[in-house]
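Report on the structure given below.
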Amino acid sequence: MPTLPKFLADITAGSFMRKAKVTEVHYYHESFKKIAFQGEDLKKRDCKPGAQIEPRVSDTDFRHYNPSAYDVKKGTGEMLIYLHGKGPGSEWADKLVVGDTLTLMGPANKITLDTKHKRIVMLGDETAIGTFLFMQNGMSAGQVLDGAVETTTELLHIPMLTGLNLRAVERGKENGEALVGWLRDNLDKNRDALFYLLGNSDVNKLLRNYLKEQNVQGGNIVTTKYWTEGKTGL
Ligand SMILES: Cc1cc2nc3c(=O)[nH]c(=O)nc-3n(C[C@H](O)[C@H](O)[C@H](O)COP(=O)(O)OP(=O)(O)OC[C@H]3O[C@@H](n4cnc5c(N)ncnc54)[C@H](O)[C@@H]3O)c2cc1C
């Protein structure tokens, strides 16, 4: 539901959506922001790693963001948002300050974190850092995490700063090239892993095809598209 006429968006926001207040904002970089929020409404539904929320970002637009942390008892949550500067979601997130009210749909539990599979590999871009962090923090003792996040040169330090234990790889001329390179170098030790591919839809396809060519079972690949070049709000 990326866009609705304003009157319908108002009805939706009034009837189905939860409210929370922004309690903290932090710029890890001018194009990467943490937003923490709190509200009694958030105590009504639990939110597991991989769950999605959909804030209202303008009079007419809604965008998906996945919490990077959530505590249902305290009614608190956090999001890590890549400010790419090309759409209303990015503009909204950049403008948010402490005390602002968020109106959001969800949480809806979508991607399930498998806490039994011995090895987990996460591959994605800036938009997936928050989801990966929440998933990493939900893994069981004994599970092994590997993987990489592809970013622009200036954001290479961001995964580490957020506490995400994945290597950052520098985006090349083509989206996804660096992640395929990482896979080439690291597939042997991860053949039996469960792969989570989150981010750009074409990159997800590229990685999935590479894994299938390398005889990784389709059942061991979980994919969710977070954005598509030239398309608004998935
Ligand atoms: C389930 C789900 C969870 C998500 N979780 C997160 C999250 O936790 N953090 C986060 O930052 N994002 C997350 N995203 C991605 C985010 O919703 C998209 O980037 C969305 O397009 C942002 O909305 P917008 O209004 O800024 O841009 P839109 O209006 O949707 O798009 C405008 C233009 O920007 C382009 N664009 C969109 N994303 C990018 C990008 N990353 N890089 C370059 N160009 C882009 C589009 O192709 C389009 O041309 C998630 C998406 C989904 C589906």
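The values are calculated or read from the model by the stated rules, or taken from the named source; none is laboratory data. Small disclaimer: the values here were computed from a predicted structure and weren't measured. FYI the Cβ positions are ideal-geometry reconstructions off the backbone, even for glycines, and counts take in every protein chain you see.
Descriptive notes on the structure:
- For the range 66-104, a residue qualifies if it is closer than 27 Å to Met139 by Cβ, more than 8 Å from the ligand (Cβ to nearest atom) and either in a strand (DSSP E or B) or touching a residue at least 40 places away in the same chain (Cβ under 8 Å) (or both), and the qualifying residues are Ala69, Tyr70, Asp71, Gly75, Thr76, Gly77, Glu78, Leu104.
- Applying the condition of being in a strand (DSSP E or B) and surrounded by 18 or more Cβ atoms within 10 Å (Cβ to Cβ) to the range 7-23 and asking which residue is modelled with the highest pLDDT yields Ala20.
- Strands (runs of 3 or more DSSP E) lying entirely in the range 128-234 (those with 2 or more residues that are within 17 Å of Thr115 (Cα to Cα)): 144-151, 194-200, 221-227
Per-residue answers, yes or no, for (1) within 12 Å of the ligand (Cβ to nearest atom); (2) surrounded by 13 or more Cβ atoms within 10 Å (Cβ to Cβ); (3) over 13 Å from the mean Cα position of the chain (by Cα):
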{"site": "Phe132", "(1), (2), (3)": "yes, yes, no"}
{"site": "Gly142", "(1), (2), (3)": "no, no, yes"}
{"site": "Leu156", "(1), (2), (3)": "no, yes, yes"}
{"site": "Pro159", "(1), (2), (3)": "no, yes, no"}
{"site": "Arg191", "(1), (2), (3)": "no, yes, yes"}
{"site": "Gly219", "(1), (2), (3)": "no, no, yes"}
{"site": "Leu234", "(1), (2), (3)": "yes, no, no"}
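- Among residues of the range 159-175 that are assigned by TED's automatic domain parsing to the domain that holds Phe134, those with a beta-carbon under 7 Å from a residue that is part of a loop (DSSP other than H, G, I, E, B) at least six positions away or on a different chain give the pairs Pro159/Leu166; Ala168/Leu156; Glu170/Leu156; Arg171/Thr152.
- Among (1) over 15 Å from Thr3 (Cα atoms); (2) under 17 Å from the mean Cα position of the chain (by Cα); (3) crowded, with 20+ Cβ neighbours inside 10 Å - the single one Ala69 does not satisfy: (3)
- Residues that are basic (Lys, Arg), buried (at least 20 other Cβ atoms within 10 Å of the Cβ) and free of Cβ contacts under 8 Å to residues at least 60 places away in the same chain within the range 24-65 comprise just one, Arg56.
- One residue stands out among those in the range 105-127 that are part of a strand (DSSP E or B) and modelled with pLDDT of 95 or more: the one that is nearest to Gly172 (Cα to Cα), which is Asp125.
- Residue tally, condition polar (S, T, N, Q) and more than 18 Å from Arg18 (Cα to Cα), over the range 69-98: 1
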